[in-house]
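Chemist: Quick one: this structure, given as structure tokens, is what I'll be asking you about.
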Amino acid sequence: YRLLEEIFNSKTPSLSLFNIHAIQLIASYLGLERTFLKSSDLQAQDSSSHKLLNIVKKLGGTTYITGHGAKNYLDHELFTSEGID
């Protein structure tokens, strides 16, 4: 209950900052030691599939995992052509 109370009592100026704060608190509560990055911090250019591909490559990723809904908008061939599973 204290975790939820801390999340919902946070004073953030936007929904995106609220979500970032909540995700970081939950990860910490679960003992997940992770680095969280915003795409804007990475200065990834382009949009949609190209932007995602640039982020994966900047971070040295070789695999991009997404849900089934991405079939409708993600250019899977673009990732494959760049060696990203």
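The values are calculated or read from the model by the stated rules, or taken from the named source; none is laboratory data. Keep in mind that what you see is a predicted model, and the values were worked out from it rather than measured. Neighbour counts are summed over all protein chains in view; Cβ atoms, including those assigned to glycine, are modelled from backbone coordinates with ideal geometry. Quick note on the areas: whole protein, heavy atoms, side chains included, nothing else; ligands and nucleic acids left out. Shrake-Rupley method; radii C 1.70, N 1.55, O 1.52, S 1.80 Å.
Chemist: Give Leu78, Leu17, Leu4, Leu37 a once-over and let me know the one that is open to solvent by 90 Å² or more (accessible area, probe 1.4 Å) and either aromatic (Phe, Trp, Tyr) or assigned to a helix (DSSP H, G or I) (or both).
Modeler: On the way: Leu78 fails: open to solvent by 90 Å² or more (accessible area, probe 1.4 Å); Leu17 fails: open to solvent by 90 Å² or more (accessible area, probe 1.4 Å); Leu37 fails: either aromatic (Phe, Trp, Tyr) or assigned to a helix (DSSP H, G or I) (or both).
One residue alone meets the criteria, Leu4.
Chemist: Limited to region 40-75, what total is found for residues that are in contact (Cβ under 8 Å) with a residue 24 or more places away in the chain and in a loop (DSSP other than H, G, I, E, B)?
Modeler: 3
Chemist: Now a separate question. Need the failing condition index for Tyr29 against (1) loosely packed, with under 13 Cβ neighbours inside 10 Å; (2) free of Cβ contacts under 8 Å to residues at least 24 places away in the same chain, just the number.
Modeler: Status for Tyr29: all satisfied but (2).
Chemist: Which ones in region 40-75 are open to solvent by 100 Å² or more (accessible area, probe 1.4 Å), closer than 24 Å to Leu17 by Cβ and not hydrophobic (A, V, I, L, M, F, W, C)?
Modeler: Gln43, Gln45, Lys58
Per-residue answers, yes or no, for (1) small (Gly, Ala, Ser); (2) in contact with a Gly (Cβ under 6 Å, 6 or more places away or on another chain); (3) within 30 Å of Leu4 (Cα to Cα):
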| residue | (1), (2), (3) |
| --- | --- |
| Ala27 | yes, no, yes |
| Thr35 | no, no, yes |
| Asp46 | no, no, no |
| Ser49 | yes, no, no |
| Asn54 | no, no, no |
| Gly60 | yes, no, no |
| Tyr64 | no, no, no |
| Phe79 | no, no, no |
| Glu82 | no, no, no |
